[in-house]
Amino acid sequence: MFLSGKRALVTGSTSGIGLAIARALKAEGAEIVLNGFGEEEEIAKLCEELDARHSGADLTDPDAIEGMMADAGGVDILVNNAGMQHVSAIEEFPVPKWDKIIALNLSAAFHTIRLAVPHMKEAGWGRIINTASAHSLTASPYKSAYVAAKHGIAGLTKTVALEVAQDNITVNAISPGYVWTPLVENQIPDTMKARGMDRDEVIDQVLLAKQPTKKFVQPEDVGAMAVFLCRDEAQNVNGANWSIDGGWTAE
Ligand code: NAD
């Protein structure tokens, strides 16, 4: 239980990868603050399971982020994970979707980080982990906002890593390939439309086509890497972008 006494805020942790990260950090003793949307009853169950608090802050709204950070109190481990996707050709890409994806997948992390760092500096320890994506390193068509935001978070990760390098705070990104979560499930219909494919073709020819292992990444794989990044042995892992993509970005 090497994280006993540490408080972890995991954004977008009512589902998918964020929930797996929250569970993995809890298993090592961290106090968890959940964030994200969902059914009230489901969220209450998660809070009970993880003995956690929950913030329903909409992270596309900087004021709501300020409120969440103030309510959370000092955060020792910050995981910026909330994210969304939209699949569309550039000339039809809805402008409000672009703005929302940039706000959630990129700007939200800027706000949480700027608000979390003062406590981490004071405490003399901190871990910032950003769930980026294989799309922080490479592009796919029809995902302009997502790819732009994820490349942005890779740059933000490196920049802040340099700024806090002597404060015993590390800042790293984890970049999964395709993980079977609602985010992936929900993009199948639009991808079918954009590419004129059926569901099985999207899974085989678009999603798993990217991953040389032909396997979806498991949310728990990402949780385990987040735990490693919190260990003392990872104190010199800083500004890195860790791929868990079955070899996708090695090609
Ligand atoms: P998911 O849809 O299962 O979970 C998204 C989480 O974000 C949920 O908890 C949701 O409630 C929350 N959320 C959505 N909009 C929000 C908002 N405005 N404010 C606050 N919370 C909000 O998705 P996931 O697949 O677990 O994705 C998590 C992260 O992992 C995202 O950043 C995503 O880009 C990244 N990622 C996912 C995959 C994948 O294949 N699933 C691959 C690479 C990276």
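The table for this structure:
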| quantity | calculated |
| --- | --- |
| Residue satisfying all of: in region 86-101; within 13 Å of the ligand (Cβ to nearest atom) and touching a Ser or Thr at 6+ places or on another chain (Cβ under 8 Å); farthest from residue 190 (Cα to Cα) among these | 100 |
| Residues being of a type outside the set (Val, Ile, Thr) and either part of a strand (DSSP E or B) or within 16 Å of the ligand (Cβ to nearest atom) (or both) - total across region 120-139 | 10 |
| Selection count, region 176-190, where residues are touching a strand residue (DSSP E or B) at 6+ places or on another chain (Cβ under 8 Å) and near the ligand (Cβ under 6 Å from one of its atoms) | 3 |
| Qualifying residue in region 6-20 (condition: β-branched (Val, Ile, Thr) and farther than 23 Å from residue 182 by Cβ) | no |
| Meets criteria (hydroxyl-bearing (Ser, Thr, Tyr), away from the ligand (no atom under 12 Å from the Cβ) and assigned by TED's automatic domain parsing to the domain that holds residue 18) for residue 170 | yes |
| Answer residue from region 157-181, given it is assigned to a helix (DSSP H, G or I) and either β-branched (Val, Ile, Thr) or in contact with a helix residue (DSSP H, G or I) (Cβ under 6 Å, 6 or more places away or on another chain) (or both) and is nearest to residue 125 (Cα to Cα) among those | 160 |
| Residue ID - farthest from the chain's Cα centre (by Cα), chosen from residues in region 191-237 that are hydrophobic (A, V, I, L, M, F, W, C) and more than 16 Å from the ligand (Cβ to nearest atom) | 197 |
| Residue under evaluation residue 182, criteria (1) at pLDDT below 95; (2) of a type outside the set (D, E, K, R); (3) closer than 19 Å to residue 109 by Cα, criterion not met | (3) |
| Of the criteria (1) surrounded by fewer than 19 Cβ atoms within 10 Å (Cβ to Cβ); (2) without any contact (Cβ under 8 Å) to a residue 40 or more places away in the chain, which one residue 66 fails | (2) |
| Criterion: surrounded by fewer than 16 Cβ atoms within 10 Å (Cβ to Cβ) and under 30 Å from residue 38 (Cα atoms) - qualifying residue of 233, 185 | 185 |
| Pairs where the first residue, in region 9-23, is in contact (Cβ under 8 Å) with a residue 60 or more places away in the chain and near the ligand (Cβ under 8 Å from one of its atoms) and the second is among the aliphatic types (A, V, I, L, M) and in a loop (DSSP other than H, G, I, E, B), C-beta under 7 Å, 6+ apart | 11/59; 11/82; 12/82; 18/82 |
| Complete set of residues in region 196-251 that are assigned to a helix (DSSP H, G or I) and under 24 Å from residue 162 (Cα atoms) | 222, 225, 226, 227, 228, 229, 230, 232, 233, 234 |
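The values are calculated or read from the model by the stated rules, or taken from the named source; none is laboratory data. All values reported here derive from a predicted model rather than from experimental measurement. Methodologically, a virtual Cβ is constructed for each residue, glycine included, from the backbone with ideal geometry; neighbour enumeration extends over all protein chains shown.
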